[in-house]
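The values are calculated or read from the model by the stated rules, or taken from the named source; none is laboratory data. Because the structure is a prediction, the values reported are computed rather than measured. In this analysis, Cβ positions are derived from the backbone assuming ideal geometry, glycine residues included, and neighbour counts consider all displayed protein chains.
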Amino acid sequence: MLLNVKVVPNSREFRIENKGGEWKISLTEPADRNKANMELIKKLERATGRRVRILRGGTGKRKVLEIEGEETEILGLLENASGA
């Protein structure tokens with residue numbers, strides 16, 4: 001499944017939010033030396049139990065992620081991880 005997200009590095013805590021169909025992920029690591037991307041992949045893999053890859057937007061705040069699995073299952077896992 002492909003997922004469009006907006007990331008916010010240097011946040012107080014890791015958080016996954018879905019606001020009006022747009023996914024926003026707050027990361028605690030800074031954007032420098034790929035730290036934020038590494039945290040994004042590691043935490044999403046832990047939350048979903050699936051492999052996660054950044055397809056586009058490696059250096060920007062808007063990214064396209066590929067998460068292995070069915071769309072409905074992945075969205076359910078992300079909703080649970082966000083505390084919704």
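Would you point out the residue of the range 11-42, among those that are of a type in the set (Lys, Arg) and in a helix (DSSP H, G or I), that is modelled with the lowest pLDDT?
Arg33
Looking at the range 23-48, I want the residues that are closer than 18 Å to Ser82 by Cα and have a partner that is aromatic (Phe, Trp, Tyr) with Cβ atoms under 8 Å, at least 6 apart or on another chain. Which pairs are those?
Close Cβ pairs (under 8 Å, with a partner that is aromatic (Phe, Trp, Tyr)) amount to Ile25/Phe14; Ser26/Phe14; Leu27/Phe14; Thr28/Phe14; Glu39/Phe14; Lys43/Phe14.
Suppose we keep only residues that are touching a residue at least 60 places away in the same chain (Cβ under 8 Å) and surrounded by 16 or more Cβ atoms within 10 Å (Cβ to Cβ) within the range 2-14. Which one would you say is farthest from Glu70 (Cα to Cα)?
Filtering first and then ranking leaves Val5.
Could you list, in sequence order, the residues of the range 15-40 that are within 11 Å of the chain's Cα centre (by Cα), buried (at least 16 other Cβ atoms within 10 Å of the Cβ) and not charged (D, E, K, R)?
Ile16, Trp23, Ile25, Ser26, Leu27, Ala36, Asn37, Leu40, listed by residue number.
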